[in-house]
Structures are given as structure tokens and as C-alpha cells.
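Okay, structure first, notes after.
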Amino acid sequence: MTMACHCTGCQKMSASAFSLTAIIPEAGFEVLAGDPVIGGLHGQDAQHHHCDWCKSWVFTRSPHAAGFVNVRPTMLGVAEWCTPFVETFTSEGLGWAKTSAKHSYPAFPPMEAFGPLMAEYAATR
Ligand SMILES: [Zn+2]
């Protein structure tokens, strides 16, 4: 599932108005080359993995999203396919920063919302 996050943390991490995320099942994700380093959030809630050369934020792992990896789609060779399906933290967003996301949340959606959202997203693919 694809998401855009407007939180101030993502604004700072991405040096932009919002971050883009593609939630990938762990089984479908593998680092093929290089050794990512931890930057941004270093704690137990989430760890941001960065390219050790350019320090760009590449993906995030969190125990709250066990079984999934949040990949930054703009780090992939082609990112155009990633239109955000859900946007989060619109309450912290820059007023002019709008997306075409079908679902908007002023903060983070409740965890129980993710199953139905992912099922709806999968049905559109
Ligand atoms: Zn965020």
C-alpha cells in the first residue's frame, strides 16, 4: 500500500513537504547491495535505514509494522507508479501540500484500519 506522510518529522527527514512510502511485505523485500546505516529515528519504535554513501533515507522498519518494510519509492528506479492511496498527519501538513490520496487522516490511522485499507488497495491493483 502506498502512503504520503505530512508529519513534521517526515518533512525534515525528506527535506520536502511530505514523505512517500510503499508498504512492502517483508518476504518481498531484500537489500541486494551495500550495508544500510541507521539515521533519523534510532529507537525501538522505528529505525530509519539510510544509504551509507549518500545518506538518503531508503526504508524504515518498525516493530509496530511487523512483517512489513516501509520503502521510500522515490529511491527506486521508477517512482511514477507510487501515487499515495492514504495520507497521514494532514494536521501537520504544509497548507499548500495536497495529494490525490483516497483516504486522509489528521494523524496516524488506528492500527485496526490497516487491514481494511490494505485490502482495498490490493483490490485496486
Ligand atoms: Zn511522517
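Estimate the FRET efficiency between Ala65 and Trp96 by the formula 1/(1 + (r/R0)^6), using the beta-carbon distance for r and 25 Å for R0, to the nearest 0.05. Walk me through the numbers on the way to the answer.
Working: r = 29 Å, r/R0 = 1.17.
About 0.30, to the nearest 0.05.
Taking amide H positions as placed in the peptide plane 1.01 Å from N, state which residues far from Ser104 in sequence (5 or more) or on other chains have amide H under 5 Å from it.
Close amide H contacts, sequence-distant or interchain: Glu87.
Report the gain in length on full extension from Met75 to Glu120: 0.36 nm times residue separation, minus Cα-Cα distance, nm rounded to one decimal.
Numbers: separation 45, 0.36 × 45 = 16.20 nm, distance 2.51 nm.
Working it through step by step, the gained length comes to 13.7 nm.
So for the stretch 2-123: antiparallel DSSP bridges make up what percent, rounded to the nearest 5?
Numbers: 17 of 22 bridges.
Percent antiparallel among DSSP bridges in the stretch 2-123 is about 75.
Under a Cβ-only charge scheme (Lys and Arg +1, Asp and Glu -1), can you give me the dipole magnitude of the stretch 2-123 about the Cα centre, in debye to the nearest 20?
Numbers: 6 positive and 10 negative charges, 60 e Å.
I would put it at about 280 debye.
Mind listing the phi-derived Karplus ³J(HN,Hα) values for the stretch 24-29, rounded to whole Hz, using 6.51, -1.76 and 1.60 with θ = phi - 60°, and x for any glycine or proline?
10, x, 3, 5, x, 10
Asp35 to Phe108: FRET efficiency via 1/(1 + (r/R0)^6), r the Cβ-Cβ distance, R0 22 Å, to the nearest 0.05?
Details: r = 30 Å, r/R0 = 1.35.
About 0.15, to the nearest 0.05.
How high is the relative contact order of the chain, in percent, counting Cα pairs under 8 Å that sit 6 or more residues apart?
On the way: 222 pairs, mean separation 34.8, N = 125.
After rounding, I find 28 percent.
Note down the magnitude of the dipole of the stretch 20-77 about its Cα centre, charges +1 on Lys and Arg C-beta and -1 on Asp and Glu C-beta and zero elsewhere, to the nearest 20 debye.
160
Let me know the Rg and Dmax you get for the chain when you use only its Cα atoms, in Å.
Answer for the chain, Rg first and Dmax second: 14.0, 39 Å.
What is the Rg over Rh value, at two decimals, for the stretch 81-120, using alpha-carbon atoms and the Kirkwood definition of Rh?
Radius of gyration over Kirkwood radius for the stretch 81-120 works out to 0.98.
Run through the stretch 71-125 and list the chymotrypsin sites (Phe, Trp or Tyr not before Pro) located in a DSSP loop whose Cβ has at most 13 other Cβ atoms within 10 Å. Spell out each step's value before the answer.
Values: sites: Trp81, Phe85, Phe89, Trp96, Phe114, Tyr121; in loops: Trp81, Phe85, Phe89, Trp96.
Hits after loop and neighbour filter: Trp81, Trp96.
How many angstrom lie between the Cα centre of the stretch 1-68 and the Cα centre of the stretch 85-125?
17
Say a site is exposed when it is one of the GluC sites (Glu not before Pro), sits in a DSSP loop, and has at most 10 other Cβ atoms within 10 Å; what is then the longest site-free stretch of the chain?
On the way: sites that count: Glu30, Glu80.
Answer - 31-79.
Taking amide H positions as placed in the peptide plane 1.01 Å from N, state which residues far from Val58 in sequence (5 or more) or on other chains have amide H under 5 Å from it.
Amide H neighbours of Val58, under 5 Å, 5+ apart: His49, His50, Cys51.
Give me, ordered by chain and number, the residues 5 or more places off Leu41 or on other chains with an amide H under 5 Å from its own placed amide H.
Amide H neighbours of Leu41: His48.
How large is ³J(HN,Hα) for each residue in the stretch 90-101, as worked out from phi by the Karplus curve 6.51 cos²θ - 1.76 cosθ + 1.60 (θ = phi - 60°), to whole Hz, x for Gly and Pro?
5, 5, 9, x, 5, x, 8, 8, 10, 10, 9, 4
Would you kindly derive the ³J(HN,Hα) couplings of the stretch 41-57 from the backbone phi angles with the Karplus curve 6.51 cos²θ - 1.76 cosθ + 1.60 (θ = phi - 60°), listing them in order in whole Hz, with x for Gly and Pro?
Whole-Hz 3J(HN,Hα) from phi for the stretch 41-57: 6, 9, x, 7, 6, 6, 10, 8, 9, 10, 5, 6, 8, 9, 6, 5, 6.
Quick note: the coordinates plus some simple rules give every number you see, no bench work behind them. Fair warning: this is a prediction, and the values are worked out from it, not measured in the lab. Methodologically, a virtual Cβ is constructed for each residue, glycine included, from the backbone with ideal geometry; neighbour enumeration extends over all protein chains shown.
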